[in-house]
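Novice: Would you mind keeping the following structure in view while I ask a few things?
Just so it is clear, none of the values below were taken in a lab; they were calculated from the coordinates. Keep in mind that this is a model prediction, so the values were computed, not measured. Cβ coordinates were reconstructed from backbone atoms using ideal geometry, including for glycine residues, and neighbour counts include every protein chain displayed.
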Ligand code: OGA
Ligand code: NI
C-alpha cells in the first residue's frame, strides 16, 4: 500500500484488500445501485468467427466480420493464426507477475502521467468510486522506453512473441475492415500510420471479492483506441458487453481471441462500426486475469470520418482530432460509459 504524490489520494492495492479477509468492501468500491452488476442468465453470446474459413469460404467470413463490426462491435476469433501456446501462456505469465510479492510490484508503481507500470486506479478524480482491479500498463510501440517488469524472467520474451503475432493479425483485420467498408485494402492501415501504429497493453488482475454484487472489476467503458485484442481468463467469465440496453456475459471459446472495435474506428467509419460499452464483474471465490492489447493509430495523426463514408444522408458525426488529443481529453477521468466518443457528436 503506497502513497503516490500525483494521485489525488493514497493508492490501495486491491489484492491486499482481497487478502485482508475482510468480508465488507470499503465504501470507495461500492457502486451506486444502478451501476451494480445484475446476474444475467441469457444464452446469448458474441459472434464466434473462424478465420480459417477465409481461405475456403471467403465471402461468408467477410460478411460475418462485417455484421459483427456493425451490430456487435465485438467478436471472438478462432483459428486466428496466433499460436495457441502463446494464447495459453500470456495470461498465465501475467498471473505469475500479480502473485509476486508486493515489494516487487511496487517497484513499478505508476503515476497518472503515463499510466505505465503497476496500478490500482484509473482516473484522478478525488473521492471517485474505484474498480476492484489491479493492472499493469505498458506502452509497447513505438519501441522507446517500454517499462517491462523483470519478473517473471521470460515475461518480456513471451510478450514480444505474442505482440509480433498480434501485429500480423491486426494488419489482416484492418485489410478485411477496409474491404468491407468499400475502401482500398490498405486504407485503414495507412490511416493508422502504416508501419508506425501505436500499441500498448494492459494486464488486468481482478482479485476475489467478498461482495461482488456491490462493485465492478472494471466500470463500463468503451476502448479509446483503434481495436483491442483481449485474452480472457480461461476459467473465469467476467466480461460483459452492452447490447440493446442489456448486459451480455461473454462466454470465451477455447483459444479464441476477443476482438473489439475502439472509438477511433468508430470515428473513422463514421459510426458504421460500433465501439461498444463493456465492463467486468468479479467473483467471491475466483480471481480473474486478462490481457488487453490495444492496436492504435499513431498518436499525432488526425482521425476523422473517412470522406468516402460521409454523404449527404450520413454527414460527418465527429470533428477531427489526433488520438493523443483524444486520450488526453479522456484520461483525467476513469472509465465512464460511452460518453467520451459520443460527446464529440454535434448536437442534433
Ligand atoms: C480493458 C477491458 C476486459 C477484461 O482492459 O479495456 O475491457 O475482460 N478488459 O478484462
Ligand atoms: Ni476495455
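Novice: Calculate the radius of gyration of the Cα atoms of the stretch 25-142 to one decimal place, then report Dmax, the largest Cα-Cα distance, as a whole number, both in Å.
Specialist: Both quantities, over Cα of the stretch 25-142: 19.7, 55 Å.
Novice: Taking every pair of Cα atoms in the chain, average 1/r, invert it to obtain the Kirkwood radius, and report Rg/Rh to two decimals.
Specialist: A ratio of 0.94.
Novice: On a full-extension model of 0.36 nm per residue, what is the gain between residue 310 and residue 92, subtracting their alpha-carbon distance, rounded to one decimal in nm?
Specialist: Numbers: separation 218, 0.36 × 218 = 78.48 nm, distance 4.41 nm.
In short, 74.1 nm is gained.
Novice: For residue 213 and residue 104, calculate 0.36 nm times their separation in residues minus their Cα-Cα distance, and state this gained length in nm to one decimal.
Specialist: 36.1 nm
Novice: Now, a different point. Once R0 is set to 45 Å, what does the formula 1/(1 + (r/R0)^6) return for the Cβ-Cβ distance between residue 185 and residue 237, expressed as a FRET efficiency to the nearest 0.05?
Specialist: Approximately 0.80, to the nearest 0.05.
Novice: With just the Cα atoms defining each centre, how far is the stretch 156-228 from the stretch 88-141? Give it in Å.
Specialist: 18
Novice: Helix 84-98 versus the longest principal axis of the chain: what is the Cα-based angle in degrees, 0 to 90, to the nearest 10?
Specialist: Helix 84-98 sits roughly 30 degrees off the main axis of the chain.
Novice: Would you calculate, for the chain, the mean residue ellipticity at 222 nm contributed by helices, counting each DSSP H stretch of 4 or more residues as -39,500 (n - 2.57) and dividing by all residues, to the nearest 500?
Specialist: -7500 deg cm²/dmol
Novice: Also: Rounded to the nearest 0.05, what FRET efficiency do residue 70 and residue 114 give with R0 = 45 Å and r taken as the Cβ-Cβ distance? Could you check? Write out the running numbers ahead of the final one.
Specialist: Values: r = 34 Å, r/R0 = 0.76.
For residue 70 and residue 114, the calculated efficiency is 0.85.
Novice: Which value, to two decimals, describes the C-alpha radius of gyration of the stretch 161-228 once divided by 2.2 N^0.38 Å?
Specialist: On the way: Rg = 16.8 Å, N = 68, 2.2 N^0.38 = 10.9 Å.
The stretch 161-228 yields a ratio of 1.54.
Novice: Roughly how tilted is helix 155-180, in degrees to the nearest 10 and between 0 and 90, from the longest Cα axis of the chain?
Specialist: In the chain, helix 155-180 runs at an angle near 30 degrees to the longest axis.
Novice: Calculate I(q)/I(0) for the stretch 73-118 by the Debye formula, one identical point scatterer on each C-alpha and no solvent, and give its log10 at q = 0.15, 0.33 Å⁻¹ to two decimals.
Specialist: Debye output, listed in q order: -0.63, -1.12.
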